[in-house]
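Below is one structure; the comments refer to it alone.
The values are calculated or read from the model by the stated rules, or taken from the named source; none is laboratory data. Keep in mind that what you see is a predicted model, and the values were worked out from it rather than measured. Here Cβ is always computed from backbone atoms with ideal geometry, including for glycine, and neighbour counts include all displayed protein chains. In case anyone asks, the SASA skips ligands and DNA or RNA and just uses the protein heavy atoms, side chains included. Shrake-Rupley method; radii C 1.70, N 1.55, O 1.52, S 1.80 Å.
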Amino acid sequence: YLDLLNEVNASREMEEKKLTDNIQATAEAVERTMPEKCDYNPHAAFDVIPLPSKGEGYKNKKASIPVAYLTAYDEDMIVSPNLYRDNQVLDYIIRAKVMNNEIDPSDLLEGDREAIVLFLRASGYGPEYPITATDDRTGTQFDSVVDLSKLKYKEFNLKGDANGWFEYTLPVSKAVVKFRFPTHKDMVTLKKLDELEEFNLRKERLADMVSSMDMYIDKENSLDGNRKIAVRQAINEIRKWEETLQEGEGIHFSHPVTNKFNLLIMSVNDVTDMKYIMDFVRSMNVRDSSALRKYMTDNEPGIDFNLEVERPQSLGGGSMKVFLQLDQFVFLNIAN
């Protein structure tokens, strides 16, 4: 029993170390990929944009930020294929347009960043934004144009502490956690963590796939001899591929929930040690976990992207609700 317990503890410690290393290494790698802050023109025309977070997610509590209007020079970035290939066009534009040295644009909360992108798009190219909607009654797609000026900020009334952290008492354990809302850099880090873990799981998943196909072929009577041989050859090729892959080094499944908590929870009962927080997250009651995730999602500052569009008369007319999704092509998607 003691040997088994020691083995379990050793496996757990290895996984925790791997997760810690992944988070730290990925965050540092993402930091290095962020473009450097641009020197803005102090004489550029600008407007002051209120932030959906009201500044509560930052130490300086700045509730608004000056943002310069787009210029012809910025269109060099907007039409640059290299920036789209690297998915960095919005990073470069925001860094060029935010006229405030007190905050790194990559440290803007994701919702505040959305507000800046929305302002730049509407002020630069107009509020008309073309979309392809799907009729909620027939499933038929149709083209429409929405008015970006009708988008509103989500209601946000939370108060952040001196660090820009927010407090929540878990319903079951009654532990008091402090968390921060994700920045754009955090969102990129979480995406990279997911990709890294999926990459490390390839060997295990391919092995499971081969095993399942082996069992299926043995029981399948609809395939003749030649087709079974062909399928067996394909399975053998997959097995050879699987054998060349490196083991996942202690990671046997992805961790989207705990990765997010480990990155965004800053203290538990005033303890800020990362290992303590990770141990707490690992053993968090599932009701506490669900409640915290819901609280963070329901209260995250940002834009309410729910809009209404008119159906064409050919689909019966009337209005329907849509959820607008803006991507890196937001400045290229222009209504005629």
What net charge is computed for the residues neighbouring A63, neighbours being all others with C-beta under 14 Å from the C-beta of A63, Lys and Arg scored +1, Asp and Glu -1? +2
Regarding the stretch 47-92, what whole-number volume in Å³ per residue does the convex hull of its Cα atoms give? 92 Å³
Environment charge of S290, counting only residues whose C-beta is closer than 15 Å and scoring Lys/Arg +1, Asp/Glu -1: +2
Please report the equivalent ellipsoid semi-axes of the stretch 107-208, computed as sqrt(5 x eigenvalue) of the Cα gyration tensor, largest first, in whole Å. 33, 27, 17
Radius 11 Å from Cβ of F331, net charge of other residues (Lys, Arg +1; Asp, Glu -1): -2
Expressed as a percent, the accessible surface of the stretch 102-150 that is carbon or sulfur, using a 1.4 Å probe and the full set of protein chains, is 45 percent
